[in-house]
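Below is one structure; the comments refer to it alone.
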Amino acid sequence: MTIPELVKDHLKTQFGERVRFDEPMSAHTTFKVGGPADAYVMAADKNELAALVRQLNKSNVPYLVMGKGSNLLVRDKGIRGVVISLTEGLKTIEQIERTPSAVLVRAMAGAKLAALCRYALQHNLSGMNFALGIPGSVGGAILMNAGASGGAMENVVAGIHILSPDGEIKSIERAALSWSYRGLSFTNDKGAEMDRFIILSGDCLLCPGDRRSLRDSARGIARKRWSAQPGRFPSAGCFFKNPEIGEPAGKLIEMSGLKGFRIGGAEVSEKHANFIINRGRASAGDILELSEKVRGIVYQKFGVKLAPEVKITGE
Ligand SMILES: Cc1cc2nc3c(=O)[nH]c(=O)nc-3n(C[C@H](O)[C@H](O)[C@H](O)COP(=O)(O)OP(=O)(O)OC[C@H]3O[C@@H](n4cnc5c(N)ncnc54)[C@H](O)[C@@H]3O)c2cc1C
């Protein structure tokens, strides 16, 4: 246990029922695997979050912020330190500016990405349909530059608010954001790359659109995803990033004859070879071993080193 008793007591007093100790991460990840986090805290709002981050930094307690756990693989011995969940508290989605041709929508990091897509559809705003069917939170989607159906978060995010490691809330303009394939980074005032920042909210620039065509395109996207992805078993979506050139990861895995290949309870999906699925009793160890095996075979056959898209964490 890395959390000093004093900090534990503080967490209990401060968060009451919103803190749990030795909380299994399998309950909070879409893979349904992962050992216990020393503490799991549900932040109610950004001020509480800022105070918590300051306290944890002061006490040298490590922390990890998470959204819906749909891109996280937590190892079997769990996470030392505090996992901070934003999805119970920071959920507001609101319009903050409107001109005849554009609408700026602010979504808090803990809101579901699906809720932001629904908000856009309900208000006849175009720009978010690409994200329909991507699970996860707005914060996770921004951090991961989530994308599908020809779109990605980088196309709509006009700015973000973050909490810096010293507990300060900062606004970051679009020009300072550096997007990459499934990633986001930015530098601070001194030109150093920021790490350990927490995304509090994102401002999405959307356009007034036609109700009917927005709904038609939404239906098309949902149908396509449904037919292409293995919905029945727990996963974290695509396990590997697509290589910069050449065939996508799923195609390389399929051409390696690995569809249906299993280790323990983990399996390369028959439906989509870049999905590793939990057949029911997989451990994180099974998933990691399978992913290493897949990487090795794809490298042997095609000389391509696949890199995980899924964030792997814990012990
Ligand atoms: C069935 C399925 C289909 C999927 N399809 C797609 C797809 O089509 N396209 C795609 O891009 N992804 C897809 N994914 C992956 C995943 O849904 C996205 O990456 C999603 O954006 C992750 O959001 P999350 O809230 O679940 O993040 P989490 O898994 O909770 O976290 C992911 C990473 O983001 C960090 N993080 C989360 N919130 C914050 C925050 N507020 N501030 C700072 N860091 C933060 C975490 O520390 C972690 O490193 C799919 C996943 C599944 C299970």
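A few comments on the model shown:
- Heavy-atom accessible surface of the chain, averaged per residue, reaches 48 Å², computed with a 1.4 Å probe.
- Distance histogram in 10 Å bins (all Cα pairs of the chain, percent per bin): 6, 25, 32, 26, 11, 1
- Rounded to the nearest Hz, the phi-derived 3J(HN,Hα) couplings of the range 93-101 under the Karplus curve 6.51 cos²θ - 1.76 cosθ + 1.60 (θ = phi - 60°) are 10, 8, 7, 10, 8, 9, 10, x, 10, where x marks glycine and proline.
- What a 1.4 Å probe finds exposed on the range 5-85 is 49% carbon and sulfur by accessible area, rounded to a whole percent.
- Listed peptides 59-66, 90-97 appear in the order 59-66, 90-97 once ranked by packing, highest mean of other Cβ atoms within 10 Å at the front.
- Anisotropy class of the range 5-85 from Cα gyration tensor, a/c 1.5 cut: prolate
- Per-residue extension of 0.36 nm, minus the Cα-Cα distance of GLU168 and ALA115, leaves a gain of 16.4 nm for this segment.
- Spatially, the range 66-108 and the range 145-162 are offset by 13 Å when compared through their Cα centroids.
- ³J(HN,Hα) computed for each position of the range 25-41 - Karplus, 6.51 cos²θ - 1.76 cosθ + 1.60, integer Hz, glycine/proline x: 6, 4, 7, 10, 10, 6, 6, 6, 9, x, x, x, 8, 3, 9, 10, 10
- In terms of the mean number of neighbouring beta-carbon atoms within 10 Å, the peptides 124-132, 6-14 order highest first as 124-132, 6-14.
- Over 27 Å (Cα to Cα) - which of LYS91/LYS311; LYS46/LYS68; LYS12/LYS77; LYS77/LYS224; LYS8/LYS241; LYS12/LYS311 fall in this group: LYS77/LYS224; LYS8/LYS241; LYS12/LYS311
- Proximity of backbone amide H atoms, modeled 1.01 Å from N, is registered between VAL83 and ALA39, TYR40, VAL41, LEU64 at under 5 Å, excluding neighbours fewer than 5 places apart on the same chain.
- Packing around the peptides 213-219, 263-269, taken as the average count of other Cβ atoms within 10 Å per residue, puts them in this order, highest first: 263-269, 213-219.
- Under the convention that each Lys and Arg Cβ holds +1 and each Asp and Glu Cβ holds -1, the size of the dipole of the chain around its Cα centre is about 1020 debye.
- For a paramagnetic label modelled on VAL304 (point 7 Å from Cα along Cα→Cβ), amide N atoms under 18 Å away belong, within the range 215-243, to 238-243.
The values are calculated or read from the model by the stated rules, or taken from the named source; none is laboratory data. Keep in mind that what you see is a predicted model, and the values were worked out from it rather than measured. For neighbour counting, all protein chains shown are included, and Cβ atoms are generated from backbone atoms with ideal geometry for every residue, glycine included. Calculation scope for accessible area: heavy atoms of the full protein, side chains included, ligands and nucleic acids excluded. Shrake-Rupley method; radii C 1.70, N 1.55, O 1.52, S 1.80 Å.
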